[in-house]
Amino acid sequence: MADNFNTRQTFIAQPSIVQPNVTWPSGLAPWDLQPIGSETGISSNQTSLIRRAIAEKIFDAVPKKYAMLRLLFDRPVKYYPSDVFTYMERQFGRVALKISSDTQYSSQPYTSYHQITLSTGGAKNVQINDIVVLPDNKKAVVISVNTTTDTIVVKRPDTTGSFYDLQSSAYSANSYISILAPVTADGQNFFAHYDRMNKVERYNYIMTLQRNKRWSRKEIQKFQNLGTTDYFDLDKKEQLELVLTDMFVNLWNGDRSEVTLVIPGVSYTTDFSNAYKALTTGGIFFQMVNAGSASASGVTKATLQETFEALAFATDYKAEGGVRFIFAQNALLYELSKAFKETGLRYAPNDSIANLNLMEYRIGDMRFVPVACELFKDVSCFPTTWQDRIFVLDLDTIQPVCMTGYQPIETGQTLSKQQGTTFDYIEWWVQGMIGVQMNNPLSSFYIDTTGIITEGKGGVQNP
């Protein structure tokens, strides 16, 4: 661009005979001047003698509804010494016996008995001399157990009366046998029923993620000398917000896996057998699917209330009055609130973690607190299927995890040339570390709706 040299111009302000007006030098009328880089979009002359009117503060357009991240990130963080961790759960000591097939041996009064094949592993949950309840509520004594073939033989008690005769036909597959109790006799000289606590082992990974910014020394100095807005400070603030959102998205939708990282400047077709490896964490949805949490799909407005109530009762593991949280986009929560048919009560938590001006609803002695999660409809964070999804979570079973020696959020910057390096720039970095421990995923459930949300699908909150 050529240098601009100012030349002095002498002129006479000559009024027009037709209309009082002034002839300006080079036709540059003051009302027709705009600063260089003006965004007016009209035909105007631009001059470097005036500057653009720029608001000093850049408006923060990040939706305030994202404050609900506090519900998960403000919970106490659990620390493990490794980035791979295992945790165990004690299971309920009673297990229903699922029938695979039933071969009836005898249906004679007082002597009827059945040989029943159970589902895989079922015979390990019953012993001889256990009293069991058959699908038709008839009681029987277990007289034989074969854990290799998962078969048991049950016989009617030695009591007269047709009530105790077992049915003449076989019990249907996929029906269930309940255990009444192991029975023992007075003076008995042996033990029959032995137990060992059953446990479930779950594991997950802790992932590390990072976002970075690079600024050269001259760039920084120009912003400090000539900056017209708070862009420089807000740019660093945005970096932290992006990492928090990354952590939030992975907490919900991450898959437990190991990934190979591509090295900058190296073709992806190169052998990466010695490349960097990284672990990713299994999020809430991954763990619920993996554990077989209750769910429903294809739920419409007409079936929403019935489905929600059925799943709520089926997953009620909490003590009386325990609270579960409902996460969905606001439009879905509104439809659900209409199904409750009652005015919500103000939710009053025992601490400040969930003090987000929330309401609660009750079904029987169960309490539910809806929490709007507008990020579910942002396709930059979640696939479009999440716009129609409702999660009901027992937050007491979910805990963020970090590795000992790290913090969930760490920030820093590299040294510059003035501090002894060869780099004439500074890099700011924000590192997040997130893992998810979800005990008893069976106490939570999710619903995939259809046709309830018809507008605004596929939107992006911050295009």
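The values are calculated or read from the model by the stated rules, or taken from the named source; none is laboratory data. Note that this is a predicted model, so its numbers are computed, not measured. Cβ atoms come from the backbone with ideal geometry, glycine included; neighbour counts cover every protein chain shown.
Matching residues to (1) hydroxyl-bearing (Ser, Thr, Tyr); (2) touching a residue at least 24 places away in the same chain (Cβ under 8 Å); (3) over 30 Å from residue 135 (Cβ atoms):
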site: 148; (1), (2), (3): yes, no, no
site: 151; (1), (2), (3): yes, yes, no
site: 172; (1), (2), (3): yes, yes, no
site: 176; (1), (2), (3): yes, yes, no
site: 179; (1), (2), (3): no, yes, no
site: 193; (1), (2), (3): no, yes, no
site: 196; (1), (2), (3): no, no, no
site: 222; (1), (2), (3): no, no, yes
site: 236; (1), (2), (3): no, yes, yes
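Across segment 423-453, what is the number of residues that are under 27 Å from residue 303 (Cβ atoms) and of a type in the set (Asp, Glu)?
Counting residues in segment 423-453 that are under 27 Å from residue 303 (Cβ atoms) and of a type in the set (Asp, Glu) gives 1.
For every residue, the table says whether it meets (1) surrounded by 18 or more Cβ atoms within 10 Å (Cβ to Cβ); (2) modelled with pLDDT of 90 or more; (3) of a type in the set (Lys, Arg); (4) closer than 30 Å to residue 87 by Cβ.
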{"position": "390", "(1), (2), (3), (4)": "yes, yes, no, yes"}
{"position": "396", "(1), (2), (3), (4)": "no, no, no, yes"}
{"position": "405", "(1), (2), (3), (4)": "no, yes, no, yes"}
{"position": "409", "(1), (2), (3), (4)": "no, no, no, yes"}
{"position": "417", "(1), (2), (3), (4)": "no, no, yes, no"}
{"position": "440", "(1), (2), (3), (4)": "yes, no, no, yes"}
{"position": "449", "(1), (2), (3), (4)": "yes, yes, no, no"}
{"position": "457", "(1), (2), (3), (4)": "no, no, yes, no"}
{"position": "460", "(1), (2), (3), (4)": "no, no, no, no"}
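Filter segment 250-290 for residues that are more than 13 Å from residue 207 (Cβ to Cβ) and modelled with pLDDT of 90 or more and give the result.
252, 284, 285, 287, 288, 289, 290
Could you give me the residue pairs with C-beta distances under 9 Å whose first residue belongs to segment 368-381 and is within 15 Å of residue 324 (Cβ to Cβ), whose second residue is buried (at least 18 other Cβ atoms within 10 Å of the Cβ) and of a type in the set (S, T, N, Q) wherever it lies, and which are 6+ apart or on separate chains?
Between residues of segment 368-381 that are within 15 Å of residue 324 (Cβ to Cβ) and residues that are buried (at least 18 other Cβ atoms within 10 Å of the Cβ) and of a type in the set (S, T, N, Q), the close pairs are 373/329.
Restricting attention to segment 82-95, and to residues there that are loosely packed, with under 13 Cβ neighbours inside 10 Å and farther than 30 Å from residue 281 by Cα, which single residue is modelled with the lowest pLDDT?
Per the stated criteria, the residue is 93.
List pairs: first residue in segment 265-279 and more than 19 Å from residue 83 (Cα to Cα), second residue modelled with pLDDT of 70 or more and among the hydrophobic types (A, V, I, L, M, F, W, C) anywhere in the structure, Cβ distance under 7 angstrom, at least six positions apart or on different chains.
Final answer for the pair search is 268/262.
Determine whether segment 355-369 contains at least one residue that is of a type outside the set (Ser, Thr, Tyr), under 17 Å from the mean Cα position of the chain (by Cα) and modelled with pLDDT of 85 or more. First the steps, then the outcome.
First, the residues of segment 355-369 that are of a type outside the set (Ser, Thr, Tyr): 355-360, 362-369.
With under 17 Å from the mean Cα position of the chain (by Cα) added as a condition, the list becomes 369.
In the following step, the residues that additionally are modelled with pLDDT of 85 or more were identified as 369.
Yes.
Check off (1) over 16 Å from residue 96 (Cα atoms); (2) assigned to a loop (DSSP other than H, G, I, E, B); (3) within 42 Å of the chain's Cα centre (by Cα) for residue 157 and give me the number that stays unchecked.
Checking residue 157 against (1) over 16 Å from residue 96 (Cα atoms); (2) assigned to a loop (DSSP other than H, G, I, E, B); (3) within 42 Å of the chain's Cα centre (by Cα), the one that fails is (3).
Name the strands (runs of 3 or more DSSP E) wholly within segment 217-322 that hold at least 3 residues that are more than 30 Å from residue 392 (Cβ to Cβ) and assigned by TED's automatic domain parsing to the domain that holds residue 394? Lay out the reasoning, then the answer.
Values: elements: 257-260, 277-280, 294-299.
Correct list: 257-260.
Select, from 247, 197, 207, the only residue that is exposed (fewer than 12 other Cβ atoms within 10 Å of the Cβ) and either modelled with pLDDT of 85 or more or out of contact with any helix residue (DSSP H, G or I) (no Cβ under 6 Å at 6 or more places or on another chain) (or both).
Details: 247 fails: exposed (fewer than 12 other Cβ atoms within 10 Å of the Cβ); 207 fails: exposed (fewer than 12 other Cβ atoms within 10 Å of the Cβ).
Of the residues listed, the single one that is exposed (fewer than 12 other Cβ atoms within 10 Å of the Cβ) and either modelled with pLDDT of 85 or more or out of contact with any helix residue (DSSP H, G or I) (no Cβ under 6 Å at 6 or more places or on another chain) (or both) is 197.
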